[in-house]
Amino acid sequence: MQAANKVALITGSGKGLGKAFAGALLQRGARVCLSDVDPKTLQSTYDEFVSQYGPENVCSSPCDVTVESNLKDVFSKTRQDLKGLDIVVNNAGIADESKWDKMVDINLKGVVSGTLMAMDGMKPNNGGRGGIIVNVASMAGLIPVAHVPAYSATKHGVVAYTRSWAKHPESTGNNIRMVCLCPAYAQTDIIKMHNRAAQGEDLAKASIMELGVMSVDTVVTAFLKLLDDRDNHGKALSVTRAEGMRYF
Ligand SMILES: NC(=O)c1ccc[n+]([C@@H]2O[C@H](COP(=O)([O-])OP(=O)(O)OC[C@H]3O[C@@H](n4cnc5c(N)ncnc54)[C@H](O)[C@@H]3O)[C@@H](O)[C@H]2O)c1
């Protein structure tokens, strides 16, 4: 999918990977609705992108993905301010084993809610025009990760949820694609959370050492590949330092 003139909504896009995905789409001529639970990072990212790309191409809406009404507001604002909905990136996530129930709410339930609203908004009978839903999982959604078992479970859930929808293509509608992005470690603040994992800093350090830490740009390249590749409905794209990109 060419990003030019498309409308995207990205959760958790105040900083980190979400912000980088937003920047890449804006650079390619898309219009983007930013959203985040943290109003400060949201405002500063909004100001930065508005000065770079103009207010007609960016909007923002505070949103905690665990609050259904917040998510609904982001979808409404995107359609109202940017006139459409073509790309939804369910990206917001945390890695905090000490708050495992909150993590399930954000990482898994937030993705389920965001996916259902995206499908609804993209359906032609609701005035939609189809599109792509990118659910941000992790390598921890494809392999077990000892120091963050609950995090790994949420990400396995995201992969299973996305694949399950795509098993019967007609259930998502012919013109809606749903895919997962499964990066290994990338240089964002979430890495610090891994180091504070309940199952021990040593295990976390060993895992990070084994897989290495990728640049955010490497993950953005994989994100753009998911948009561009056409026959990837229901697929999970992993990206690691050792193996690069690989579909599962
Ligand atoms: N960086 C990595 O190593 C890595 C690897 C694999 C997958 N991921 C996944 O990528 C996604 C983005 O993570 P990141 O690395 O950019 O981390 P990050 O901590 O830099 O950014 C996460 C963003 O999500 C927001 N957020 C947190 N809770 C939220 C909520 N309830 N509602 C809305 N927004 C919320 C935060 O405020 C923050 O802006 C996450 O789903 C994460 O699990 C990251």
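The values are calculated or read from the model by the stated rules, or taken from the named source; none is laboratory data. Since this is a predicted model, take the numbers as computed values, not measurements. Note: ideal-geometry Cβ built from the backbone for every residue, glycine included; neighbour counts use all protein chains shown. Only protein heavy atoms, including side chains, enter the accessible area calculation; ligands, DNA and RNA are left aside. Shrake-Rupley method; radii C 1.70, N 1.55, O 1.52, S 1.80 Å.
From N70, N57, which residue is more than 12 Å from the ligand (Cβ to nearest atom) and either under 23 Å from L224 (Cα atoms) or in contact with an Asp or Glu (Cβ under 6 Å, 6 or more places away or on another chain) (or both)? First the steps, then the outcome.
On the way: N70 fails: more than 12 Å from the ligand (Cβ to nearest atom).
Testing whether each residue is more than 12 Å from the ligand (Cβ to nearest atom) and either under 23 Å from L224 (Cα atoms) or in contact with an Asp or Glu (Cβ under 6 Å, 6 or more places away or on another chain) (or both) leaves just N57.
If you filter the stretch 9-42 down to residues that are in a helix (DSSP H, G or I) and under 23 Å from L116 (Cα atoms), you find that the one that is most open to solvent (accessible area, probe 1.4 Å) is K19. The lone criterion from (1) more than 14 Å from the chain's Cα centre (by Cα); (2) touching a residue at least 40 places away in the same chain (Cβ under 8 Å); (3) closer than 22 Å to N107 by Cβ left unmet by L226 is number (1). Of K155, K192, K167, all but one fail to be open to solvent by 30 Å² or more (accessible area, probe 1.4 Å), within 13 Å of the ligand (Cβ to nearest atom) and on the phi < 0 side of the Ramachandran plot; the exception is K192.
Every test in (1) more than 27 Å from G173 (Cα to Cα); (2) open to solvent by less than 30 Å² (accessible area, probe 1.4 Å); (3) not aromatic (F, W, Y) is passed by I133 save one, and that test is (1).
Can you tell me which residues in the stretch 76-99 are farther than 13 Å from Y161 by Cβ, of a type outside the set (V, I, T) and within 14 Å of the ligand (Cβ to nearest atom)? Answer for the stretch 76-99, where residues must be farther than 13 Å from Y161 by Cβ, of a type outside the set (V, I, T) and within 14 Å of the ligand (Cβ to nearest atom): N91, A92, G93, A95, D96, E97, K99.
K109 falls short on exactly one of the conditions (1) among the charged types (D, E, K, R); (2) surrounded by fewer than 21 Cβ atoms within 10 Å (Cβ to Cβ); (3) closer than 20 Å to H233 by Cα, and that condition is (3).
Please determine, by comparing only the residues of the stretch 122-152 that are assigned to a helix (DSSP H, G or I) and within 22 Å of D231 (Cα to Cα), which one is nearest to the ligand (Cβ to nearest atom). Of everything passing the filter in the stretch 122-152, M139 is nearest to the ligand (Cβ to nearest atom). Determine, yes or no, whether V88 is under 21 Å from A137 (Cβ atoms) and open to solvent by 10 Å² or more (accessible area, probe 1.4 Å). Considered against the rule, which asks whether it is under 21 Å from A137 (Cβ atoms) and open to solvent by 10 Å² or more (accessible area, probe 1.4 Å), V88 comes out as no.
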